[in-house]
Amino acid sequence: MTRYRNFGLFLTLAACWGTAFVAISAGLKYFPPVLFAALRYDVAGLVMLAYAAAAVDQWRPRRRDEWAAVAVGAVLLIGAYHAFLFVGQQNTTAAAAAILVSLSPVLTTGFARLLMPTDALSVVGVVGVVVGLAGVGVIAQPDPSNLLATDVVAKVLVFCAAGSFALGSVLTRRIDASLPIETMEAWSMLGGALLMHGVSLALGEPIEPATWLDPEAIGALGYLALIASAVGFLLYFDLLDRLGAVEINMVSYVAPVFAAVVGWLYLGEVVDTATIVGFGLIAVGFVLVKRRAIREEFDHVKRLGLGE
């Protein structure tokens, strides 16, 4: 029964995070992008802080290393990631954005090896990173005569979002603070929201609350803040303990399926051949980079099955 429970929660998380890209596309019709991301994490941060206060012993950072972990999370995992993603997704489909973000586990491994020279990537691992990056190129389809085309720039920005998240994940692990994950996420969300409000003001994004009252706008913001962020991260924390980092990383490869289907049904978005091929290359890159961990995970699952 535990296996079925974990599988059900895994699919639920993939649905929450995959459909979040559709909610972003829907909400961008009513909110300027960076302000939209900031408002999302105003709400999600407060919800997560309340949860942390109720669920863990330490609801706020105290030591310098704990605040450093929060700062990395606020700047890279929340602020830069979502600013790049929301701005980029104005001119690309929800499915393409979800697939580009699914490169994050490959980039995470690359950054980890880069920042720890004694643990360099093998030749096969390097090939995996290159294959994954090739997938990004296939999806972006840059035209050498017009590299600043709107859709190309949009996809590059989404790629920058994946890179920001990957680098933030590695730096957070290097700091290795003992702060509970729930507390780190809550304060990072609030700090990232504050940073994005500052960026929004600097960009001169218009503040038009009247447009925010549209039912679709309220639904998109509420879904992102409460379902994709608050509920999504709680599911992630639970599954991380149960499945481990390798299996939970696979959610990045299931989420685009939900993004594509719901984007097609709700927004009328079409997934082209280049996007499908690019997704395949990114998935192959992930398998090459994480082949040992995947093999160990399969062996572990097989032993558990035999034990039952």
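Numbers below:
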read-out: Cα gyration tensor, region 146-268 - rounded (a/c under 1.5), prolate or oblate; value: rounded
read-out: Dipole magnitude of region 1-110 about its Cα centre (Cβ charges: Lys, Arg +1; Asp, Glu -1), debye to nearest 20; value: 140 debye
read-out: Unit charges on C-beta of K, R, D, E only; dipole of the chain, Debye; value: 740 debye
read-out: At least 18 Å along the helix axis (C-alpha) and Kyte average at least -1.0, DSSP helices within the chain; value: 2-27, 33-55, 123-140, 150-175, 181-203, 273-289, 291-307
read-out: Relative contact order, percent, the chain [alpha-carbon distance under 8 Å, six or more residues apart]; value: 40 percent
read-out: Summed residue charge, Cβ within 14 Å of residue 283's Cβ, Lys/Arg positive, Asp/Glu negative; value: +2
read-out: Nitroxide proxy distance, nm - points 7 Å out along Cα→Cβ at residue 214 and residue 57; value: 5.0 nm
read-out: Contour excess over end-to-end distance, with Cα ends at residue 296 and residue 114 and 0.36 nm allotted per residue; value: 63.2 nm
read-out: Cα coordinate range in the chain, projected on the principal axes (Å, largest first); value: 59, 54, 41
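Computed from the coordinates by the stated procedures, all read-outs in this text should not be read as laboratory data. Keep in mind it's a predicted model, so treat the numbers as computed, not measured. For neighbour counting, all protein chains shown are included, and Cβ atoms are generated from backbone atoms with ideal geometry for every residue, glycine included.
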